[in-house]
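Heads up: the structure comes next, in structure tokens.
Values in this text are rule-based calculations from the coordinates and carry no lab data. Bear in mind the structure is a predicted one, so any value in this text is a computation, not a measurement. With ideal geometry, Cβ positions are generated from the backbone for all residues, glycine too; neighbour counts draw on all protein chains shown.
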Amino acid sequence: MIDLRSDTVTRPDDAMRTAARDAEVGDDVYGEDPTVNELEARVADVLGTEDALLVPSGTMGNQVAVRTHTERGEEAILERESHVYKWELGGVAQHSGVQTRPVDGDERGVVAPEQVRDAYVEADGHRAGTGLLALENTHNSKGGTAIAPEAIDAAAAAARERGVPVHLDGARLFNAAAALEVPAERFTREVDSVMVCLSKGLGAPVGSVLAGSEAFVERARRVRKLMGGGMRQAGILAAPGLLALENRDRLAEDHERARRLAAGIDQIGGLAADEPETNIVVARTDASADEVVAACEREGVGCVAFGEHRVRFCTHWNVDDEDVERALDGVERAVD
Ligand SMILES: *Cc1c(COP(=O)(O)O)cnc(C)c1O
């Protein structure tokens with residue numbers, strides 16, 4: 001099975017397993033795990049923030065950020081196809097008591113500054129008031145689009161001018177950085193917090209990191225504990241996370257393979273795929289996406305339905321050139 005369902009299906013390699021076994025650990029809830037502390041400092045450095053916090057998942061990182069930035073009863077401006085809005089079980093309402101104000105980004109998921117200005121609500125005797133803007137890069141549902149830092153800056157600045165904090169869901173921010181050939185820290189200039197996943201294309205078994213100012217991270221640490229995310233000897237997770245961070249440079253290979261995969265898929269009758277910007281290929285089909293996914297699985301290729309007529313394939317560090325060719329053969333047989 002060539003598993004292209006997601007870039008989260010990677011298995012830690014021997015180096016990661018050894019690093020986990022040998023990690024120096026302590027009780028991280030007491031701030032005493034040296035490996036966690038090292039990872040947090042390292043990620044803060046890479047992202048150009050003052051501090052950072054290890055969390056078990058990207059979802060928790062986003063939800064902790066929302067809760068930390070907002071008060072109950074406020075509104076959050078979210079892109080309609082964003083992970084925070086669409087794929088986190090309504091957590092914004094459940095955990096933070098915040099109501100969502102979705103806005104439609106463009107076809108690449110870019111939210112324009114005017115949209116932020118239009119969606120902004122000033123609190124008064126009747127209106128809740130905007131408490132947060134969340135952005136996403138790369139944009140998963142739009143097919144892993146790598147949004148330019150200037151576009152992030154512009155939307156974020158529109159919020160911050162109104163005193164509204166900004167969170168960046170950067171689950172795949174390093175993919176955006178690799179695709180646009182800019183350092184990851186360039187994306188965080190105008191945002192108040194950013195979440196990155198170590199467990200996607202970078203290959204760590206578990207872990208995401210939420211980064212921001214010292215004051216933000218201090219409050220986020222309390223929220224993480226509240227949500228049950230205070231972990232003890234988490235150096236076991238942080239050690240492979242440190243190795244995963246070193247995998248940033250090889251994300252460009254995933255992008256190259258995704259381009260090859262998309263070009264091949266586009267040649268197959270009944271399927272169409274645009275050139276991907278990063279590691280996510282979205283194939284369009286006239287047939288039912290569920291049926292295509294089932295047929296691909298029978299031919300040894302894992303993919304997921306991404307809407308009624310869209311199928312997503314992700315490249316990742318456990319997929320090599322040969323796997324891409326074999327996957328294309330499998331997809332071709334599947335839709336034949
Ligand atoms: C995967 C993903 C998340 C959540 O990460 P988990 O670790 O799966 O909880 C958040 N945002 C985006 C854009 C994602 O793709």
Residue-ordered couplings for segment 283-290, obtained by feeding phi - 60° into the Karplus form 6.51 cos²θ - 1.76 cosθ + 1.60 and rounding to whole Hz (Gly and Pro as x), are 9, 9, 9, 6, 6, 6, 4, 4
Of Ala262, Gly170, Gly230, whose Cα points farthest to the positive end of the dipole of the chain (charges on the beta-carbon: +1 Lys, Arg; -1 Asp, Glu; origin at the Cα centre)? Gly230
Around Ile2, which amide H atoms from residues at least 5 apart in sequence, or from another chain, sit under 5 Å from its own amide H, with H modelled in the peptide plane? Val301, Gly302
Can you give the charge dipole size of the chain about its Cα centre, rounded to the nearest 20 debye, using +1 on the beta carbon of Lys and Arg and -1 on the beta carbon of Asp and Glu? 920 debye
For the chain, whose charge dipole is built from +1 on Lys and Arg Cβ atoms and -1 on Asp and Glu Cβ atoms, the candidate among Asn140, Ala93, Gly300 with its Cα farthest towards the positive end is Ala93
How big is segment 1-147 in terms of Cα radius of gyration and Dmax, in angstroms? 18.6, 59
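Let me check I've understood the local charge: for Thr278, count other residues with C-beta under 15 angstrom from its C-beta, Lys and Arg +1, Asp and Glu -1. What total comes out?
-1
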Note down the magnitude of the dipole of segment 1-54 about its Cα centre, charges +1 on Lys and Arg C-beta and -1 on Asp and Glu C-beta and zero elsewhere, to the nearest 20 debye. 400 debye
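Ratio to report: Rg/Rh of the chain, with Cα atoms as the point set and Rh obtained by the Kirkwood method; give two decimals.
0.98
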About its Cα centre, what dipole magnitude does segment 141-247 give when the only charges are +1 on Lys and Arg Cβ and -1 on Asp and Glu Cβ, stated in debye to the nearest 20? 540 debye
List the lysines whose alpha-carbon lies under 23 Å from that of Lys142, not counting same-chain residues fewer than 8 positions away? Lys86, Lys200
If the cut-off is 12 Å between C-alpha atoms, which aspartates and glutamates fall inside it for Lys225, apart from same-chain ones fewer than 8 positions away? Asp28
Calculate log10 I(q)/I(0) of segment 231-289 for q = 0.14, 0.29 Å⁻¹, where I(q) comes from the Debye formula with a single equal point scatterer on each Cα and nothing for solvent. -0.56, -1.08
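Using only the Cα atoms, work out Rg/Rh for segment 224-336, with Rh taken as the Kirkwood radius, to two decimals.
My calculation of the ratio gives 1.11.
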